Amino acid sequence: MNARREIGAVTFEPMQAAHVPAIGIMDRRNYEFAWTDGIFRDCVKAGYICPLLMIDGEIVGYGILQIGADEAHLLNLCIDEPWQRQGLARTLLEHLVDESVKHKAQVMFLEVRPSNTRAVALYQQSGFNEIGLRKNYYDSKSGREDALVMARYLPTD
C-alpha cells in the first residue's frame, strides 16, 4: 500500500499534444494493456475532452471523454499510482460528468474490466449502473476479458 501523499490544489488543464509522451508513460505505468501515444494524439486532435488532473502543477491523472449528440462516452480515466486511493479518481470522474452536462449530454457510458474491482466500485458509487456486457472486449494475459458496460443518466436543464 502506498503512503498517502499530501494533496495540494487540484486543477484541470486540457491535454495538449505536447503532454502525450508523459501521458503515454503514465498509462503504461498504470495499465498492463495501455493505449499507444498515437491513440492519445488522435483523441486530442479529434477534439475530445481530455482533462489533465493537476496538483501543484504536476500531472497526476487524466481522462478522455467523447461527446456526440446527447451521449458522453468515458474512454479512459487514470490516476497515477503514487496518487491513488485518495479520492482523486472520484474528483476526476465528477469533473468529466460536469463536462458532459455542460455539453448537453443526457447519458454517460463507459466500459470497465470486471477484474478492475476498484473501478467498478467507484463507478457504482458514482451512480453508474451495469447495462450490458461486451464479450471478449479487452486483451488479457489469458486471451480476452469481457467488459461491463455501465451508464449514468445525467441531469438536464
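What the table below lists for this structure:
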{"quantity": "Selection count, segment 65-90, where residues are under 10 Å from the mean Cα position of the chain (by Cα) and among the small types (G, A, S)", "calculated": "1"}
{"quantity": "G61 vs. criteria over 11 Å from the mean Cα position of the chain (by Cα), of a type outside the set (S, T, N, Q) and either closer than 16 Å to V20 by Cα or modelled with pLDDT under 95 (or both)", "calculated": "no"}
{"quantity": "Among residues of segment 138-157, those that are part of a strand (DSSP E or B) and open to solvent by 100 Å² or more (accessible area, probe 1.4 Å), counted", "calculated": "2"}
{"quantity": "Inter-residue pairs, beta-carbon under 7 Å, first surrounded by 14 or more Cβ atoms within 10 Å (Cβ to Cβ) and in segment 124-135, second modelled with pLDDT of 95 or more and not in a strand (DSSP E or B), 6+ apart", "calculated": "S126/R90; S126/L93"}
{"quantity": "Tally, over segment 31-58, of residues that are touching a residue at least 40 places away in the same chain (Cβ under 8 Å) and open to solvent by less than 40 Å² (accessible area, probe 1.4 Å)", "calculated": "6"}
{"quantity": "Filter pass, V107 being modelled with pLDDT of 95 or more, within 17 Å of D27 (Cα to Cα) and in contact with a strand residue (DSSP E or B) (Cβ under 6 Å, 6 or more places away or on another chain)", "calculated": "no"}
{"quantity": "Scan of segment 30-51 for residues that are modelled with pLDDT under 95 and either closer than 16 Å to L92 by Cβ or assigned to a helix (DSSP H, G or I) (or both), ordered by number", "calculated": "N30, Y31"}
{"quantity": "Tally, over segment 18-27, of residues that are open to solvent by 70 Å² or more (accessible area, probe 1.4 Å) and either at pLDDT below 95 or within 26 Å of G68 (Cα to Cα) (or both)", "calculated": "1"}
{"quantity": "Residue in segment 94-132 that is nearest to Y48 (Cα to Cα), counting only those that are assigned to a helix (DSSP H, G or I), of a type in the set (A, V, I, L, M) and out of contact with any helix residue (DSSP H, G or I) (no Cβ under 7 Å at 6 or more places or on another chain)", "calculated": "L96"}
{"quantity": "Subset tally (residues that are touching a residue at least 40 places away in the same chain (Cβ under 8 Å), under 15 Å from M150 (Cβ atoms) and open to solvent by 20 Å² or more (accessible area, probe 1.4 Å)) for segment 88-118", "calculated": "1"}
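The values are calculated or read from the model by the stated rules, or taken from the named source; none is laboratory data. The model shown is predicted, which means the values in this text are computed figures rather than measured ones. Counting neighbours? That spans all protein chains shown, and the Cβs are built from the backbone with ideal geometry, glycine included. SASA here: full protein model, heavy atoms, side chains in, ligands and nucleic acids out. Shrake-Rupley method; radii C 1.70, N 1.55, O 1.52, S 1.80 Å.
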